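These notes are about the structure you will find just below.
The values are calculated or read from the model by the stated rules, or taken from the named source; none is laboratory data. Because the structure is predicted, anything quoted here is derived from the model rather than measured. Note that we place each Cβ from the backbone using ideal geometry, even for glycine, and neighbour counts take in every protein chain shown. These area figures cover heavy atoms from the full protein model, side chains too; ligands, DNA and RNA do not enter into them. Shrake-Rupley method; radii C 1.70, N 1.55, O 1.52, S 1.80 Å.
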Amino acid sequence: MEMRRAIMGSHVNLFLLAMAVACAAGCPNSQKTAEQKARKIVLKVAHNGNEKHPFQKGFEEFKRILEAETKGVVEVQIFPSAQLGSEQEATQMVKLGLLAANASATAGGLATSVPEAELFNLPFIFRDLDHCYRVIDGPIGQDLARIIEKKLNCVVLGFWFSGIRNVWNSKRPVRTPDDLKGIKIRVIASPIVIETFNLLGAQATPMAFGELYSALQTKVVDGAETDDLDLLYEKFYEVTKYVSRTNHMYVVVGLIFSRKIFDKLPPDVQAVVVKAGRASVTAEREGMAALTATALDELKARGLEFNEVERNLFREKTERVYERNAKRVGGMDLIKKVIDY
């Protein structure tokens, strides 16, 4: 009996020893897993483009870098297609710390909160895309970023680009400002853009982007002004016909990150957020360039008629917009500085 007890005792001891070894090997991993779960940071980011839009490409690069360089401590959740609210609503959510980041255009979410951002909404202020990038990536863009940060309690990680806007409608070709008279054009909720199209003779009609397709179907409006990607992705080619290459606006988009959330992040994560933001600028702009290059051919294949315009006539008609809005965007000297940069 004692021999049996001794044998059983030795088995128990061996079992306990094995458990001790397993615990010694496994406990640190378990502890590490628990620590990782405790440190897990979820960042929700939003934009109003669909999943094919360059905004999505920009945020996917942002997500890739953040998650890789923090070794999974940070998880980025992307909400496209205005799932969390309109661009204006998402901008306010960033300000309040309810959303980590948003793509907020000077012609959209920023226009209603930061009047100075409308500097880049002035018609024909940029000569071409290279001029636009030089301005927004240089001292003028950095000065505006500081103003945006102060008014929206955010960090501007960089400026994305959302295309060159043109006018289109279903009634007739538009080659001069006179051709716009009486045409109801949906415009973005920017006082400068509304004034611009009223001066050109159109009936400027601000409305939510999501309402535009049905408004075109029911003839509430005759047309709108967007870039080629919106024309293609939102299928506006089904309800319009004539596109005028006005190139009246180069849409600048602020990649804004909530200051309330940023300040709560560990310093090492803050550094990666800034790095990821810069990388996303390159990815988003490259995505925009690549998709825009093919969109024009697709739109022509779908039957849209593209017309060149007398841009000097459009520019002359809208010169008063500069004078009337100079004070709210930083003064005529700043406007001239942008033009001559």
Verdict on E211 being within 21 Å of A301 (Cβ to Cβ) and open to solvent by 10 Å² or more (accessible area, probe 1.4 Å):
no
What's the total number of residues in region 152-179 that are over 18 Å from the mean Cα position of the chain (by Cα) and either closer than 17 Å to A101 by Cβ or open to solvent by less than 20 Å² (accessible area, probe 1.4 Å) (or both)?
6
Please enumerate the residues belonging to region 268-282 that are surrounded by fewer than 19 Cβ atoms within 10 Å (Cβ to Cβ), closer than 18 Å to V45 by Cβ and not hydrophobic (A, V, I, L, M, F, W, C).
Q270, K275, R278, T282
Considering (1) within 18 Å of A101 (Cα to Cα); (2) assigned to a strand (DSSP E or B), say which one V281 fails and leave the rest.
(2)
Pairs where the first residue, in region 135-164, is farther than 22 Å from A90 by Cα and the second is among the hydroxyl-bearing types (S, T, Y) and open to solvent by 20 Å² or more (accessible area, probe 1.4 Å), C-beta under 6 Å, 6+ apart
V135/Y341
Does region 47-62 contain at least one residue that is in contact with a Lys or Arg (Cβ under 8 Å, 6 or more places away or on another chain) and either in a loop (DSSP other than H, G, I, E, B) or open to solvent by 20 Å² or more (accessible area, probe 1.4 Å) (or both)?
no
Residue check: is V221 under 16 Å from V174 (Cβ atoms) and buried (at least 18 other Cβ atoms within 10 Å of the Cβ)?
yes
Within the bounds of region 91-104, is there any residue that is open to solvent by less than 10 Å² (accessible area, probe 1.4 Å), closer than 19 Å to R259 by Cα and in a helix (DSSP H, G or I)?
yes
Residues R302, R328, R285: which one is out of contact with any His (no Cβ under 9 Å at 6 or more places or on another chain) and open to solvent by 90 Å² or more (accessible area, probe 1.4 Å)?
R302
For region 112-123, state whether one or more residues are open to solvent by 10 Å² or more (accessible area, probe 1.4 Å), modelled with pLDDT under 95 and either closer than 20 Å to I261 by Cα or under 16 Å from the mean Cα position of the chain (by Cα) (or both).
yes
Which count do you get for residues in region 180-190 that are over 21 Å from V239 (Cβ atoms) and open to solvent by less than 10 Å² (accessible area, probe 1.4 Å)?
1
Search result, residues across region 68-87 that are at pLDDT 95 or above and either open to solvent by less than 50 Å² (accessible area, probe 1.4 Å) or more than 22 Å from G97 (Cα to Cα) (or both)
A68, E69, T70, K71, V73, V74, V76, I78, F79, P80
Do we find a residue being without any contact (Cβ under 8 Å) to a residue 40 or more places away in the chain, in a helix (DSSP H, G or I), closer than 22 Å to L152 by Cα and among the small types (G, A, S) anywhere in region 249-271?
yes
Which residues, taken from region 235-248, are open to solvent by 20 Å² or more (accessible area, probe 1.4 Å), outside any helix (DSSP H, G or I) and touching a residue at least 24 places away in the same chain (Cβ under 8 Å)?
V239, K241, Y242, R245, N247
